[in-house]
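For reference, the structure is listed below as structure tokens.
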Amino acid sequence: MQPSMLPHSPFAYIIREHYYGEMLSWKDVRPLLPRKAKFQVIDLETGISFQVQKRAGNQHADVQPLTRNDTQIMKEIYEDKWSWKRRAILVNIDDRFIAASMHGMPHGGGALSNGFPGHFCIHFAGSMTHRTKNTDPTHQLMVLKAAGKLEEYRDQMDPYEVADLFLTAINQSDLYLLQITLAQPYREHAATILERFNQIGVAAKDSPYKKIDQLPVIALELPVELQYHDPRQGKKRKSVTLTLIRDGLTNRWEIYSKEFFDLK
């Protein structure tokens, strides 16, 4: 269900109309999801769907798979491993398909006899975490992806935001997110790059970027301190330089960093 096309495809408007969801804020979604409401969740990338029930949630929806079969379907979406990975989804409520994001980790309490040890969270545009009362950036990216608005948002990103999107793609193992950060020479190798990073388990950067007051016109070299896992030596840190260049035709900042793809 998730198209693998790159930004600016001539067919993007067709795909958006038929496959993406409505961008609706949590404020407007919440009245549509009263407690114990049952609805369908569709995984954007695979097209696989399952049924859930909302159990609670003021800042976002806390839900549970409806039956044991729904639990098994959800686990299949996550390749039989529960995960905090965010995924773009469509929520089908009264024949409206609304852009949203879910993770796949059971936590907290659960009340249904469904084989799911707890509940999981679904976020919509502008929804927040219960604890911090802040939006979750990765959930919001997935909502944009589900609405077909991610390319438009990505076009406006400064190089620091593109670098963060690149790291998010790595941490979420999201091929599409990775593709839209890379310059053309690397895009066709995105799957190989992602597989390499999955093997070493790159974590988030250690410290904030040292931002300059005025962005350069053409290129920026961005030092990044990374944590990652070496299969033989365990947890390691490495300083790498992320090279970003502004494309002359699209005006988008894109990543050209061979060194970054060769962590050892």
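The values are calculated or read from the model by the stated rules, or taken from the named source; none is laboratory data. Just so it is clear, the structure is predicted and the values come from calculations on it, not from any experiment. We place every Cβ from the backbone using ideal geometry, glycine too, and count neighbours over all the protein chains shown. Just the protein is used for accessible areas: all its heavy atoms, side chains included, with ligands, DNA and RNA removed. Shrake-Rupley method; radii C 1.70, N 1.55, O 1.52, S 1.80 Å.
Structural remarks
- Filter result for ASP70 (outside any strand (DSSP E or B), closer than 30 Å to ASP155 by Cα and of a type in the set (Asp, Glu)): no
- Looking only at segment 105-152, and only at residues there that are charged (D, E, K, R) and free of Cβ contacts under 8 Å to residues at least 60 places away in the same chain, the one that is least open to solvent (accessible area, probe 1.4 Å): ASP136
- Residues in segment 84-104 that are touching a residue at least 24 places away in the same chain (Cβ under 8 Å), open to solvent by 50 Å² or more (accessible area, probe 1.4 Å) and of a type in the set (D, E, K, R): ASP94, ARG96.
- A count restricted to segment 129-163 and to residues that are more than 26 Å from ARG96 (Cα to Cα), out of contact with any helix residue (DSSP H, G or I) (no Cβ under 8 Å at 6 or more places or on another chain) and in a helix (DSSP H, G or I) stands at 5.
- You will find that of ALA204, ALA169, ALA191, the residue that is surrounded by fewer than 19 Cβ atoms within 10 Å (Cβ to Cβ), within 20 Å of the chain's Cα centre (by Cα) and modelled with pLDDT of 75 or more is ALA191 and no other.
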